[in-house]
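A quick write-up on the structure given underneath.
What follows draws every value from the coordinates through simple rules; no lab data is involved. These numbers were taken from a predicted model, which means no experiment stands behind them. All Cβ positions, even for glycine, are placed from backbone atoms using ideal geometry, and neighbour counts span all protein chains on display.
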């Protein structure tokens, strides 16, 4: 009797295992993640920081010593023509790999054909002390005395003008200067595996298309000049590719 | 016979355990009792403090650090940490006041104050200390300030009922009485205490909370501080931003045009030409209490500092872009009234309560 029970138990376990295996079906993947990585270039050259080695459209040799900015207002274009908004504000620091990518989680599975986003913060977000008080956000504050909210971007460096070295600070902020970016040629598939999408900021584009930004004429400090910032905003539409 | 041996062994083990865990002056607590987490009250608009997992803040660790901070046991010359970092002077002082050679400014730099260190990502004027937890190791190993004799220190700590207990309590299960190890554990405890020094009760902090009103002069100074040059300001906020009043980044603000010795700044650490003359932005909290100023203490007064930025900026290849203000490359060109207003605002960043806060003082 005891022996029979053991045999029965073994058979039950084996059949149970077999039955379980035969029941396995691949679950339908309904959601997945996307990692968006941002790289930097100056036209066709990878961006190297802290060296005066690039020539911009106004013919100044320049360096980049700081490049910090926010991306927000993401929307992903699906193959069926619908769009999927993704809320969130993402801080980037081009010199710090900790702030070099975004992981979008739980996106619906399927084919995507593009994305759009803002460089900066729309007026619903761009309010004084509205972002969590991280060290990075505190460093991006745009003083109340100058309109409040946050810097959308801080891009700084040095440039050579008639043989002498000067500094520049292309700072962007204030509601009218939100830069709207659309990348319609970026395809990716969300599935079981985390998808990767690489985009690049071409820093040279901040100084051209549609208008050449000239430090001498337009100013090497943009923050206090709505005109200078408007020019940067218009040039910024196609800095990402 | 076997049973008797087991009983004897058990008694010996029990007695041994009791002996190990019973402490002369804290009989109700054993070294097995879990440590108590120390929570820093994060002030308004401060980010979360940067606390390393390898040296978490505990009530016991902070107490041990505070005790050590004021104790001559660490030195062979009667000095304490508070010798160079006296609470009554906002945890800094001058070499001259200490009777030391002012030439030390050129060797070690201006004595740093302790202020909101829990939020600092790096320490020292050029970021030479990646964490606070090992800074004191250098002092304990060096001969300039403490002239510590490590074997003697170990002997003294072992002989002290308080320290003997507290080191086992704070660092349980660790054989800390080893040269090289004891320095780290002392430094860890000191770092825990220093991280608890939170400076956030200035007039300006009260103004933010609606509990104080700036005078007209202070208000004008605030506007000068927070506006860029094109708007008539001094553009101080880019490096000295609220609430820490520092961006904790490295800048060459035009103190020199040529760089020798300590004035080479971060270049002395990295060797990179881009770091020539760069120093970490100091906080402006308690700036009125922490003269002299700059990494080498070259300025005795706030007026001298303001004048430096007003008319004395030196150009060099690494001058921070923010300092190359359009049309004002040599300085801000503020009027006397504007300079006075700016100074008045800086004085509102003073939190004198830390000078007497009993939580930061010597343990009675």
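For a footprinting-style exposure proxy, rank B:305, A:237, B:260 by other Cβ within 10 Å, fewest first.
Least to most surrounded, the residues fall as B:260, A:237, B:305.
Given axes a ≥ b ≥ c from the Cα gyration tensor, I'd like to know whether the range A:111-241 is rounded (a/c under 1.5), prolate (a/b larger than b/c) or oblate.
Judged from the Cα gyration tensor, the range A:111-241 comes out oblate (a/c at least 1.5, b/c at or above a/b).
Cα centroids of the range A:167-241 and the range A:51-107: how far apart, whole angstrom?
So the separation of the two Cα centres works out to 9 Å.
By average Cβ neighbour count within 10 Å, what is the ranking of A:168-177, A:205-214 from highest down?
Working: A:168-177: 22.9, A:205-214: 17.6.
Highest to lowest by the protection proxy: A:168-177, A:205-214.
So if we plug the beta-carbon distance of residue B:231 and residue B:304 into 1/(1 + (r/R0)^6) with R0 = 25 Å, what FRET efficiency do we get, rounded to 0.05? List each step's numbers first, then the result.
Working: r = 26 Å, r/R0 = 1.02.
According to the calculation, E is roughly 0.45.
Could you work out how far the C-alpha centroid of the range B:29-85 sits from that of the range B:309-364, in angstrom?
For the range B:29-85 versus the range B:309-364, the Cα centre distance is 30 Å.
Using a Gaussian network for chain B with springs between C-alpha atoms less than 10 Å apart, which of these wobbles most: B:72, B:92, B:348?
Its mean-square fluctuation being the largest, the pick is B:72.
Sort B:251, B:238, B:314 so the one with the fewest other Cβ atoms within 10 Å of its own Cβ comes first.
B:314, B:251, B:238
Please give the helix B:59-69 orientation as an angle from the longest Cα principal axis of chain B, in degrees from 0 to 90, rounded to the nearest 10.
With both axes taken from Cα atoms, the answer is about 70 degrees.
From Cα pairs below 8 angstrom and at least 6 apart in sequence, can you work out the relative contact order of chain B, rounded to a whole percent?
It rounds to 20 percent for chain B.
Please label the shape of the protein assembly as shown as rounded, prolate or oblate, based on the square roots a ≥ b ≥ c of the eigenvalues of the alpha-carbon gyration tensor (a/c under 1.5 means rounded; beyond that, a/b larger than b/c means prolate, else oblate).
Oblate, because a/c is 1.5 or more while a/b does not exceed b/c.
Just need the relative contact order of chain A here, percent rounded to a whole number, with Cα pairs under 8 Å and 6+ apart.
Details: 499 pairs, mean separation 58.1, N = 241.
Over chain A, the number comes to 24 percent.
Using 0.36 nm times the number of residues separating residue B:175 and residue B:209, minus their current alpha carbon distance, what extension gain do you get?
Length difference between fully extended and current span is 7.4 nm.
Can you give the mean number of other chain Cβ atoms that lie within 10 Å of the Cβ atoms in peptide B:221-233?
Values: counts 0, 3, 4, 1, 2, 6, 5, 10, 3, 8, 6, 2, 4.
Average neighbour count from other chains, rounded to a whole number: 4.
How far is helix B:150-159 tilted off the main Cα axis of chain B, in degrees rounded to 10, range 0 to 90?
So the helix axis and the longest Cα principal axis differ by about 60 degrees.
Multiply the residue gap between residue A:226 and residue A:127 by 0.36 nm, knock off their C-alpha separation, and tell me the result in nm, one decimal place.
Gain on extension, residue A:226 to residue A:127, equals 33.8 nm.
Taking 8 Å as the Cα distance limit and 6 or more residues as the minimum spacing, I'd like the relative contact order of the range B:46-198 as a percentage. Could you put the intermediate results ahead of the total?
Numbers: 194 pairs, mean separation 54.1, N = 153.
Relative contact order of the range B:46-198: 35 percent.
Shape call for the range A:192-236 from the C-alpha gyration tensor, a ≥ b ≥ c root eigenvalues: rounded (a/c under 1.5), prolate (a/b greater than b/c) or oblate? Mind dumping the intermediate values first?
Details: a/c = 3.71, a/b = 2.80, b/c = 1.32.
In terms of gyration-tensor shape, prolate.
What does the structure give for A:59-72 when I average, per residue, the other chain Cβ atoms found within 10 Å of the residue Cβ?
Taking all residues of A:59-72 together, the mean is 1.
If I model a spin label as a point 7 Å beyond the Cα along the Cα-Cβ vector, how far apart are those points for residue B:129 and residue A:162 in nm?
4.8 nm
Using Cβ counts within 10 Å as a stand-in for footprinting exposure, how do A:162, B:80 rank, fewest first?
Numbers: A:162 6, B:80 18.
Ranked by crowding around the Cβ, least crowded first: A:162, B:80.
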